[in-house]
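Worksheet: one structure, shown below.
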Amino acid sequence: MIHTVSTTPFDDQKPGTSGLRKKVKVFEQSNYLENFVQAIFDSIDGVNGKTLVLGGDGRYYNTTAIQTIAKMASANGCSKLIIGKNGLLSTPAASHLIRKFKTDGGIILSASHNPAGPDEDFGIKYNISNGGPAPEKITDRIFDISKSISEYKISEAGNIDLSTTGNIQLDEMQVQIIDPVTDYAKLMQELFDFEAIQQLFANDFKMTFDAMHAITGPYATTILEGMLKAPAGTVINGTPLQDFGKGHPDPNLVYAKELVDIMWGDNAPDFGAASDGDGDRNMILGNAFFVTPSDSLAVMAANATDIKGYKNGITGVARSMPTSQASDQVAERLNINSYETPTGWKFFGNLLDADKVTLCGEESFGTGSNHVREKDGLWAVLFWLNLLAVKQDSVKNIVENHWQSYGRNYYSRHDYEGLESDLANTFMNELEAMQNGLVGQQLAGQTVSYADNFSYNDEVDGSTSSRQGLRFGFENGSRVVFRLSGTGTVGATLRIYFERYETDPAKLNLDTQEVLSDLIALVEEMIDLKKRSGRDGPTVIT
Ligand code: G1P
Ligand code: ZN
């Protein structure tokens with residue numbers, strides 16, 4: 001029985017950098033989820049006769065939302081849903097399933113690395129048939145529809161059983177419950193040389209992978225410990241918990257503390273890695289050595305032909321604007337395409353579809369390739385494992401040799417989380433005003449070569465995305481970039497990105513914060529940030 005329910009709009013359903021993220025309590029308001037889901041369906045001219053993939057990172061509210069969405073899909077005439085067993089699908093695995101089974105799209109339930117639980121965050125996003133996040137023209141339409149929605153459709157059927165793989169029916173709609181790992185693991189096996197990696201582990205190579213109590217646990221255990229025969233215990237925190245063990249599953253030096261302690265401790269493993277809540281982020285560590293995500297992308301691009309799935313070469317590399325320019329150096333030397341896009345994976349989709357780039361990356365621990373249309377945490381880890389097997393060298397040596405060859409882009413991001421929105425907007429307005437007439441002037445002893453609010457023209461679809469972050473660039477290649485986060489759920493987060501390029505072989509192993517200290521001081525001079533925000537310093541430095 002289909003039920004048409006009258007509803008009234010919510011005014012805050014604007015998708016951010018990666019879908020709609022809110023506190024669980026917000027989603028639990030009557031009709032809140034339903035309105036948004038109906039808005040997604042309506043934004044794509046309905047789901048009648050369509051097939052969708054559905055799954056999430058397993059956080060609190062995941063299965064509740066899946067039951068609601070399934071009933072709404074059925075009531076809206078959807079012909080088939082492919083759902084991960086127990087409602088689980090990592091973001092990259094969902095992207096892969098959309099592509100592999102050529103579905104019309106998919107709905108992914110996740111608030112990525114944000115904490116989970118009844119008082120924490122939940123999120124929902126729509127991915128299109130190429131497997132990637134919906135572009136802005138769709139997310140804008142979803143928001144428009146959400147502002148005037150008056151009814152939604154939902155089936156009155158009971159809950160479906162998510163715990164057993166196989167085919168079931170929900171009214172007229174077919175529901176296929178699949179193992180969340182199998183198809184993804186097969187894809188990884190096609191891209192990487194599993195025999196070489198097995199050999200590496202057989203030769204006493206030691207690794208720790210921290211799944212941070214989130215979605216990559218089952219994927220990492222199957223692939224690393226099962227298929228690649230890494231010793232049991234290689235994967236830690238491998239069981240997904242609804243509250244992610246009350247942690248903050250963001251793979252960086254601050255939040256992946258357990259792993260960091262292991263990698264900087266006695267008898268540290270050769271290789272350490274972590275992924276985030278929904279499995280799309282990655283952190284790469286060597287023995288007492290941190291690889292910045294920007295450098296990781298550059299190293300991957302420089303060595304791609306060593307890896308099975310990329311042995312014929314890559315067409316180009318794209319990075320988000322605030323990501324360091326290290327990959328640009330590689331692209332230039334390899335004479336391949338290089339793109340600078342706004343923050344957010346959705347901007348890579350067109351470039352990947354048009355085969356203008358093969359690898360993409362963001363400074364925010366996101367790396368990926370044309371194998372899916374999301375960033376992919378375990379893929380990055382396997383890429384590095386494969387590289388380590390080929391090079392028979394340490395993570396540290398590989399990166400340091402890269403710097404010797406290409407120069408080093410010293411890079412750091414300082415986040416001020418949970419600022420008053422008004423204050424954060426004031427900072428951005430002041431900084432933007434300062435950009436007037438700044439080119440050619442001196443700041444911190446350096447000549448400003450450009451100062452703008454980044455605007456991106458997508459050469460594939462002709463669209464323009466403006467106001468994507470304030471850039472201050474200097475003649476020596478240094479940069480400072482300011483953006484407000486589009487994924488936070490409380491107040492505003494100001495992100496400041498610092499970069500300095502160095503080629504002097506004697507200056508490639510210095511302390512990053514030291515090297516960037518004049519740029520960091522410059523920001524204080526410009527907006528008196530610490531004093532006005534009442535903070536001692538950034539909440540997180542990466
Ligand atoms: C953050 C990252 C961005 C990433 C996004 C989704 O967005 O900075 O690179 O694509 O999360 O994982 P932000 O909060 O900065 O808008
Ligand atoms: Zn994520």
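Of all residues in segment 33-42, at least one satisfies being over 28 Å from HIS113 (Cα atoms), more than 16 Å from ligand 2 (Cβ to nearest atom) and at pLDDT 95 or above. Check every one of the helices (runs of 4 or more DSSP H) wholly within segment 332-412 and list those with 2 or more residues that are within 16 Å of ligand 2 (Cβ to nearest atom) and under 26 Å from THR208 (Cβ atoms). Fully inside segment 332-412 and qualifying: 377-391.
The residues of segment 135-169 include none that are at positive phi and of a type in the set (D, E, K, R).
May I ask you to verify whether MET207 is among the hydrophobic types (A, V, I, L, M, F, W, C), in contact (Cβ under 8 Å) with a residue 60 or more places away in the chain, in contact with a strand residue (DSSP E or B) (Cβ under 7 Å, 6 or more places away or on another chain) and closer than 25 Å to ASP306 by Cβ? Considered against the rule, which asks whether it is among the hydrophobic types (A, V, I, L, M, F, W, C), in contact (Cβ under 8 Å) with a residue 60 or more places away in the chain, in contact with a strand residue (DSSP E or B) (Cβ under 7 Å, 6 or more places away or on another chain) and closer than 25 Å to ASP306 by Cβ, MET207 comes out as yes.
Look through segment 333-343, keep the residues that are touching a helix residue (DSSP H, G or I) at 6+ places or on another chain (Cβ under 9 Å) and not aromatic (Phe, Trp, Tyr), and return whichever of them is surrounded by the most Cβ atoms within 10 Å (Cβ to Cβ). So, considering only residues that are touching a helix residue (DSSP H, G or I) at 6+ places or on another chain (Cβ under 9 Å) and not aromatic (Phe, Trp, Tyr), the one surrounded by the most Cβ atoms within 10 Å (Cβ to Cβ) is THR341. In segment 237-244 there is at least one residue that is surrounded by fewer than 21 Cβ atoms within 10 Å (Cβ to Cβ), of a type outside the set (Val, Ile, Thr) and touching a His at 6+ places or on another chain (Cβ under 7 Å).
Which condition breaks for ASN48 when tested against (1) assigned to a loop (DSSP other than H, G, I, E, B); (2) surrounded by 18 or more Cβ atoms within 10 Å (Cβ to Cβ)? Answer for ASN48: the failing condition is (2). The residue pairs whose first member lies in segment 305-323 and is within 30 Å of SER485 (Cα to Cα), whose second member is basic (Lys, Arg) and within 16 Å of ligand 1 (Cβ to nearest atom), and whose beta carbons are closer than 8 Å, counting only pairs six or more residues apart or on different chains, are MET321/ARG471; PRO322/ARG413; PRO322/ARG483; PRO322/ARG495.
Looking only at segment 413-426, residues that are touching a Leu at 6+ places or on another chain (Cβ under 6 Å) and in a helix (DSSP H, G or I) come to 1 in all.
Of all the residues in segment 84-109, those that are among the hydroxyl-bearing types (Ser, Thr, Tyr), within 16 Å of ligand 1 (Cβ to nearest atom) and in contact with a Ser or Thr (Cβ under 9 Å, 6 or more places away or on another chain) number 2. Report yes if some residue within segment 217-224 is buried (at least 18 other Cβ atoms within 10 Å of the Cβ) and either closer than 27 Å to SER43 by Cα or touching a Cys at 6+ places or on another chain (Cβ under 6 Å) (or both); otherwise report no. Looking through segment 217-224, none of the residues is buried (at least 18 other Cβ atoms within 10 Å of the Cβ) and either closer than 27 Å to SER43 by Cα or touching a Cys at 6+ places or on another chain (Cβ under 6 Å) (or both).
Cβ-Cβ below 8 Å, separation at least six or inter-chain, first residue in segment 338-353 and farther than 16 Å from GLN325 by Cα, second more than 16 Å from ligand 2 (Cβ to nearest atom) and charged (D, E, K, R): which pairs? Every condition considered, the pairs that remain are LYS346/GLU136; PHE347/ASP458; ASN350/ASP458; ASN350/ASP461. SER465 fulfils the conditions (1) of a type in the set (Gly, Ala, Ser); (2) surrounded by fewer than 16 Cβ atoms within 10 Å (Cβ to Cβ); (3) in contact with a strand residue (DSSP E or B) (Cβ under 7 Å, 6 or more places away or on another chain) except for a single criterion, (2). Of all residues in segment 474-494, those being away from ligand 2 (no atom under 16 Å from the Cβ) and buried (at least 19 other Cβ atoms within 10 Å of the Cβ) number 9. Cβ separations smaller than 6 Å between residues 6+ apart or across chains give the following pairs from segment 92-117 residues that are more than 11 Å from GLY55 (Cα to Cα) to residues that are within 16 Å of ligand 1 (Cβ to nearest atom) and assigned to a helix (DSSP H, G or I): ALA116/PHE244. For segment 51-65, the set of residues classified as over 18 Å from the mean Cα position of the chain (by Cα) and either of a type in the set (Ser, Thr, Tyr) or assigned to a loop (DSSP other than H, G, I, E, B) (or both) consists of THR51, TYR60, TYR61, THR63, THR64, listed by residue number. Candidates in segment 272-292 are the residues that are farther than 13 Å from ALA380 by Cα and away from ligand 1 (no atom under 16 Å from the Cβ); of these, the one that is surrounded by the fewest Cβ atoms within 10 Å (Cβ to Cβ) is ALA288. Checked against the criteria, GLU363 counts as among the acidic types (Asp, Glu), more than 24 Å from GLY462 (Cβ to Cβ) and either crowded, with 24+ Cβ neighbours inside 10 Å or away from ligand 1 (no atom under 11 Å from the Cβ) (or both). Residues in segment 40-56 include at least one that is within 16 Å of ligand 1 (Cβ to nearest atom) and either touching a residue at least 12 places away in the same chain (Cβ under 8 Å) or closer than 18 Å to GLY106 by Cβ (or both). THR91 meets each of the listed conditions (1) farther than 18 Å from ARG373 by Cα; (2) β-branched (Val, Ile, Thr); (3) crowded, with 24+ Cβ neighbours inside 10 Å apart from (1). Within segment 28-36, one or more residues are assigned to a helix (DSSP H, G or I), buried (at least 20 other Cβ atoms within 10 Å of the Cβ) and among the hydrophobic types (A, V, I, L, M, F, W, C).
The values are calculated or read from the model by the stated rules, or taken from the named source; none is laboratory data. Note that this is a predicted model, so its numbers are computed, not measured. Using ideal geometry, Cβ is built from the backbone for each residue, glycine included, and neighbour counts are taken over all protein chains shown.
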